[in-house]
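Novice: Pasting a structure below so you can have a look.
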Amino acid sequence: MTDQLKQKPEETTGLIPAQSLNKTGVYRLYLDFIKGLWQENPVFIQLLGMCPTLAVTSSAENGLFMGLSVVFVLTCAAAVVSMFRKVIPSQVRIVTYTAIIATFVTVADLFLKAEFYPISIKLGPYIPLIVVNCIILGRCEAFSSKHGLIRSIADALGMSIGFTLALVLLGGIRELLGTGKVFAFNLPQFIFEGFNVMGSGFEPWIIMLLPAGAFIVLGILIGLMNLIRPRP
Amino acid sequence: MKKSLHMIIVLVIVGAVSGTTLVSMYNYAQPLIEENKKAAVKNAIYKVLPETEAYEVIAVNDRQVYKAKDDAGRVIGYAFVAEGSGYQGKISIMVGMDSKLKTVKGIDILESVETPGLGAKIQEKPFKDQFKNKSALPEITYVKNKAADGPNEIQAITGATVSSSSVVRILNKEIAGLRKALLPEGENTYDETQAVTGATKSSGSKK
């Protein structure tokens, strides 16, 4: 661990002041993790991985499963990339990262089809598309390839859980306004009608289930986040 | 030279490990996936023909038809998948019919990508329930903006005429093909004298 403490301040997207990164191991790990949830949230702040965000968030359940798949893929890929970062030649690093990511995505896809078949039908082609999700390649290249295993895992968990939270939030809002209910689940293991928050007199806003609604809700959320957070 | 060799070795190792992992994962997952698909078909058959105790798969017109039997082994009906294009994409319907292929016992929508809130209502109970015990002869028809009248008539979903009419069209086409293939000669055509009492006009599209 001592060589990590001697490293100079790591590059980030510049949103966290450099001096807080030189603290001791556990606090730094905490910062590595927490930044993905809010300050550097991949969806709302970094604006990465927009395609699956807009496409699969027609319900909170879909958003949750897409997010969990990304948690699995990003954490495993970041761990592998970090473990072998000194061995992979830099000329072939992108190819290697992509091969590693694609392997984990295929594992996740096969697992979903085997254990959670109805969800895999609903998420459809978007699970294999995780391979080209910018967040994963981006974090592997920007962080995991330059830092140790534990820190890379913390960063990966933070970013992917932040992604999941964003997707569940977006999916929840769209599902609530588009169907009147929220958190409906339709799995072989668990069926739940959803919380009927809006009541029976509510006429659903169909547009929320269509692509236009995704853009509108996402845009409003990003605007609100920009209002709340302090300017760097 | 040394660098190229290094690159080649790394890529070969990555490829080999990746391939091995995927093959093992595939071997674990594939039987489960096959089971899931079969279970989905079985569920659909039970949904459209609830009294089924067992079913036998027969091949008709290079498609699979499920001969549904009760616990005594008697044929109680047929279940089959009808597919065709809807408003936005393919619609796949599991149909249950009686053993004479005259009455539709029920339908279930297996796959559809119709407009959410409008055409997607074909997946909901009120629309599907309309098809229970509907006569398929001479063909199923639909009406708009008023209640369905005849024994072979259903009401289209408001604002989703194309999706509703696609379902009707897909059913009629598949049922006609199956009647020709499965029923013996003489029983597979519609005869006015066989008309169910209550059908006052012969069908045609009604507006």
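The values are calculated or read from the model by the stated rules, or taken from the named source; none is laboratory data. The structure presented is a predicted model; accordingly, all values stated were derived computationally and were not measured. Because the Cβ atoms are built from the backbone with ideal geometry, glycine has one as well, and the counts that use them run over all protein chains shown.
Novice: Name the pairs whose Cβ atoms lie under 7 Å apart, with the first residue in the range B:155-174 and surrounded by fewer than 18 Cβ atoms within 10 Å (Cβ to Cβ), the second among the basic types (Lys, Arg) and modelled with pLDDT under 90, and 6 or more positions between them or separate chains?
Specialist: B:Thr161/B:Lys144
Novice: Further question on the same structure: Please determine, by comparing only the residues of the range A:86-107 that are surrounded by fewer than 18 Cβ atoms within 10 Å (Cβ to Cβ) and not in a helix (DSSP H, G or I), which one is nearest to the other protein chains (Cβ to nearest Cβ).
Specialist: A:Pro89
Novice: It is to be established whether one or more residues within the range A:178-190 are more than 14 Å from chain B (Cβ to nearest Cβ), under 20 Å from the mean Cα position of the chain (by Cα), at pLDDT below 95 and buried (at least 16 other Cβ atoms within 10 Å of the Cβ).
Specialist: Going residue by residue through the range A:178-190, those that are more than 14 Å from chain B (Cβ to nearest Cβ) are A:182-183, A:185, A:190.
Now restrict to residues that are under 20 Å from the mean Cα position of the chain (by Cα): A:183.
Those left that are additionally at pLDDT below 95: A:183.
When the remaining residues are screened for being buried (at least 16 other Cβ atoms within 10 Å of the Cβ), the result is A:183.
Yes, that holds for at least one residue.
Novice: So B:Gln88 passes all but one of these: (1) in contact with an Asp or Glu (Cβ under 9 Å, 6 or more places away or on another chain); (2) more than 14 Å from every other protein chain (Cβ to nearest Cβ); (3) part of a loop (DSSP other than H, G, I, E, B). Which condition number does it fail?
Specialist: The number of the failed condition is (2).
Novice: Here's something else I'd like to know. Do the conditions hold for A:Gly171, that is, is it at pLDDT 90 or above and crowded, with 21+ Cβ neighbours inside 10 Å? Break it down stepwise before answering.
Specialist: Numbers: at pLDDT 90 or above: yes; crowded, with 21+ Cβ neighbours inside 10 Å: yes.
Spelling it out, A:Gly171 is indeed at pLDDT 90 or above and crowded, with 21+ Cβ neighbours inside 10 Å.
Novice: May I pose another question? Of all residues being crowded, with 20+ Cβ neighbours inside 10 Å and in contact with a Pro (Cβ under 8 Å, 6 or more places away or on another chain) in the range A:108-133, which is nearest to the other protein chains (Cβ to nearest Cβ)? Just the residue, please.
Specialist: Among residues in the range A:108-133 that are crowded, with 20+ Cβ neighbours inside 10 Å and in contact with a Pro (Cβ under 8 Å, 6 or more places away or on another chain), the one nearest to the other protein chains (Cβ to nearest Cβ) is A:Asp109.
Novice: Moving on to the next point. Yes or no: B:Ala59 modelled with pLDDT under 85, within 14 Å of another protein chain (Cβ to nearest Cβ) and farther than 19 Å from B:Ser165 by Cα?
Specialist: Spelling it out, it is not the case that B:Ala59 is modelled with pLDDT under 85, within 14 Å of another protein chain (Cβ to nearest Cβ) and farther than 19 Å from B:Ser165 by Cα.
Novice: State all residues of the range B:22-38 that are small (Gly, Ala, Ser) and within 8 Å of chain A (Cβ to nearest Cβ); if no residue qualifies, say none.
Specialist: Filtering the range B:22-38 down to residues small (Gly, Ala, Ser) leaves B:24, B:29.
Once the filter is applied, which keeps residues that are small (Gly, Ala, Ser) and within 8 Å of chain A (Cβ to nearest Cβ), the range B:22-38 yields only B:Ala29.
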